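The values are calculated or read from the model by the stated rules, or taken from the named source; none is laboratory data. Only a predicted model underlies this, so the values are computations on that prediction, with no experimental measurement involved. Cβ atoms come from the backbone with ideal geometry, glycine included; neighbour counts cover every protein chain shown. These area figures cover heavy atoms from the full protein model, side chains too; ligands, DNA and RNA do not enter into them. Shrake-Rupley method; radii C 1.70, N 1.55, O 1.52, S 1.80 Å.
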Amino acid sequence: MANMMTSRLITSNIGTSLFRRGMKIYTKTGDGGTSSLFTGERRAKSDDIFHALGNIDELNSYLGLANNSLKQLQINNNKLSNMAQTLIKTQSVLLDVGSNVATPTSSANERQSFRVRFNGDDLTLELEVGMDEMTQDLPPLKNFILPGGSISSCHLHICRSICRRAERSLEPLLRHNDLAGDVVKYVNRLSDYLFTAARFASYMEGVDEVVYKKAKEVKQ
């Protein structure tokens, strides 16, 4: 159901909305263990494409959670507000990423490829600029730090971990020339952004980062 729903949302993002057409959420077409791509091709739900779509969908859900935790903060800071807005935009961008993933280059025609084209360079640059702005306020990173800090920081670290998994699941598609390289580049940079955002959230909330130590050096 999850893979079918993901592909339906992907399709609605690049075509006529299923909901505007009054279609039901369930179609029963995936009951046999396959789901459709934007190209019309049906593949097993265990296919690499649906693994990648599932990871992207999971990341998007956790970004919503992370952004909700940021909204609970009573901190008036432009950079923090910019970060929250970036997370909202990223959720939309990830639907575009999913559209691209659901349209494998090997089976897509020219019209389908055009409809899901991904302008990754500009989006990646936006993430880099955001990271540079937050890093200006952060203490230099001299040691490994443990995922944690404030609640909002913890949520962002979870997003970062899922983003790394999503990136790994895109690699087979890139290797088989079924995916545009700028999609992977964007997701790679997004994980860096989320790491920086997690640090920045803790910093703004006044919560110290926990520096990694060898287990024998950690006091009980």
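Kindly establish whether Arg111 is loosely packed, with under 14 Cβ neighbours inside 10 Å and of a type in the set (Lys, Arg). Yes.
Considering each residue of the stretch 193-203 in turn, none proves to be touching a residue at least 12 places away in the same chain (Cβ under 8 Å), within 26 Å of Asp122 (Cβ to Cβ), touching a Phe, Trp or Tyr at 6+ places or on another chain (Cβ under 8 Å) and not in a loop (DSSP other than H, G, I, E, B).
In the stretch 114-138, which residues are among the hydrophobic types (A, V, I, L, M, F, W, C), surrounded by 16 or more Cβ atoms within 10 Å (Cβ to Cβ) and modelled with pLDDT of 90 or more? Residues satisfying the conditions are Leu123, Leu127, Met131, Met134.
If you go through the stretch 55-85 and keep only what is touching a residue at least 60 places away in the same chain (Cβ under 8 Å), surrounded by fewer than 21 Cβ atoms within 10 Å (Cβ to Cβ), more than 14 Å from His155 (Cα to Cα) and of a type outside the set (A, V, I, L, M), you end up with Asn77, Lys79.
Of the listed requirements (1) open to solvent by 10 Å² or more (accessible area, probe 1.4 Å); (2) of a type outside the set (Gly, Ala, Ser); (3) over 20 Å from Thr39 (Cα atoms); (4) touching a residue at least 60 places away in the same chain (Cβ under 8 Å), Lys89 misses just one: (4).
Quick check on my filter: what residues within the stretch 36-54 are surrounded by 22 or more Cβ atoms within 10 Å (Cβ to Cβ) and farther than 14 Å from Ser107 by Cβ?
If we filter the stretch 36-54 for residues that are surrounded by 22 or more Cβ atoms within 10 Å (Cβ to Cβ), which is where we start, we get 37-38, 49-50, 52-53.
Result: Phe50, Ala52, Leu53.
Within the stretch 27-39, the set of residues being modelled with pLDDT under 75 and outside any strand (DSSP E or B) comprises Thr29, Asp31, Gly32, Leu37, Phe38, Thr39.
Would you confirm whether or not the stretch 170-188 contains a residue that is open to solvent by less than 80 Å² (accessible area, probe 1.4 Å), among the aliphatic types (A, V, I, L, M) and in contact with a Lys or Arg (Cβ under 6 Å, 6 or more places away or on another chain)?
Restricting attention to the stretch 170-188, the residues satisfying the condition of being open to solvent by less than 80 Å² (accessible area, probe 1.4 Å) are 170, 172-174, 178-184, 186-188.
Now narrow it down to the ones that are among the aliphatic types (A, V, I, L, M): 170, 173-174, 179-180, 183-184, 187.
From what's left, in contact with a Lys or Arg (Cβ under 6 Å, 6 or more places away or on another chain): none.
There is no residue in the stretch 170-188 that is open to solvent by less than 80 Å² (accessible area, probe 1.4 Å), among the aliphatic types (A, V, I, L, M) and in contact with a Lys or Arg (Cβ under 6 Å, 6 or more places away or on another chain).
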